[in-house]
Every structure is written in C-alpha cells, then in structure tokens.
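Structure first, then comments.
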Amino acid sequence: MTTYLAHFVDIDPSSLGAIARVQEVLAGVHQFKCTACHYCTDGCPMSIPIPDFFKAMNRKLIFENEADALKRYRSTAKKAGVNASDCIQCDQCEDACPQRLPIIKYLQEVADALE
C-alpha cells in the first residue's frame with residue numbers, strides 16, 4: 001500500500017511571506033480569471049468558445065502581446081464560426097459560471113479589443 005504525504009513538511013513561516021507577496025502581485029495583474037472549466041459553453045445558444053476567447057484576450061492583458069492575442073482570437077473565431085460580438089446576452093453562461101465572472105461584459109471587451 002502506498003502512503004501519501006509520508007514525508008510531508010509544513011511550510012515554514014518565511015515561505016508564507018513569499019507566497020503572500022506572489023498572491024499580491026498576481027491580484028494586481030489585470031486579466032480574465034477564467035479557469036476554462038467550460039461550464040459556460042455547454043448551454044450557449046451561439047456556441048461561443050468563451051474560455052478560448054478569454055485566453056486570447058489574456059495574451060493582450062497579461063503579456064501586452066496584441067499580435068499574439070489577435071492571432072489566437074482570429075484562429076479560434078474562424079474554427080468556431082462565431083465571434084465574441086455574436087453573444088446574445090442570454091445570461092446562460094453567467095448562471096453556469098462557478099466563479100460568477102461577468103462573462104457578457106468580458107465578451108464585449110474581447111469584441112472591442114480583438115474584432
């Protein structure tokens with residue numbers, strides 16, 4: 001029988017400070033904090049690949065790489081046959097999102113920035 005955590009070592013206090021600083025830095029980064037769970041896509045009447053569009057937008061927001069963001073967005077939109085601006089604001093995605101993200105607002109931001 002395999003024993004898990006047999007050699008567990010608790011985090012030392014100095015590491016907790018480092019973790020807190022990293023959390024602070026990450027919290028200050030403007031991004032769409034989507035985990036790509038895809039709960040939002042299952043019932044979308046427009047079949048919008050929401051997490052994929054958010055991933056493309058995060059290339060612009062986090063890395064300030066607009067060229068890569070545009071390339072990823074256009075590739076995803078072409079493959080899906082739909083744009084972020086095709087959202088009909090039915091609210092299904094936001095009801096399904098376990099993180100309660102403002103998906104409709106984010107899709108509009110994607111459309112404004114990448115279409």
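What follows is calculated from the coordinates using simple rules that are stated; it is not laboratory data. If you're wondering where the values come from, they're calculated on a predicted model, not measured in any experiment. A quick note on method: Cβ atoms are made from the backbone with ideal geometry, for glycine too, and the neighbour counts reach across all protein chains shown.
Rounded to the nearest 10 degrees, the angle from helix 103-114 to the longest Cα principal axis of the chain is 70 degrees.
Summed over qualifying helices (DSSP H, 4 residues or more, each -39500 (n - 2.57)) and divided by its residue number, the chain shows a 222 nm mean residue ellipticity of -16500 deg cm²/dmol.
Under a Gaussian network description of the chain, with springs only between Cα atoms under 10 Å, the residue in Phe53, Phe32, Phe63 that fluctuates furthest is Phe63.
Which one of Ile11, Ile19, Ile104 has the biggest mean-square fluctuation once the chain is modelled by GNM with Cα springs under 10 Å? Looking only at Ile11, Ile19, Ile104, the largest GNM fluctuation is found for Ile11.
If you count Lys pairs in the chain whose Cα atoms are under 15 Å apart, skipping same-chain pairs closer than 8 places in sequence, the total is 6.
In the distance distribution for the chain, Cα-Cα pairs more than 26 Å apart total 35 percent.
Judged by a Cβ-Cβ distance under 4.7 Å, the unpaired cysteines of the chain are Cys34, Cys37, Cys44, Cys87, Cys90, Cys97.
With 0.36 nm allotted per residue and the present C-alpha distance subtracted, the Phe8-Val25 stretch has 3.4 nm of extension available. Taking 7 Å steps out from each Cα toward its Cβ at Ile88 and Lys33 produces label points 3.2 nm apart. Computed from Cα atoms, the angle from the helix 13-27 axis to the main principal axis of the chain rounds to 10 degrees.
Panel order for Tyr39, Tyr4, by other beta carbons found within 10 Å of each beta carbon, from fewest to most: Tyr4, Tyr39.
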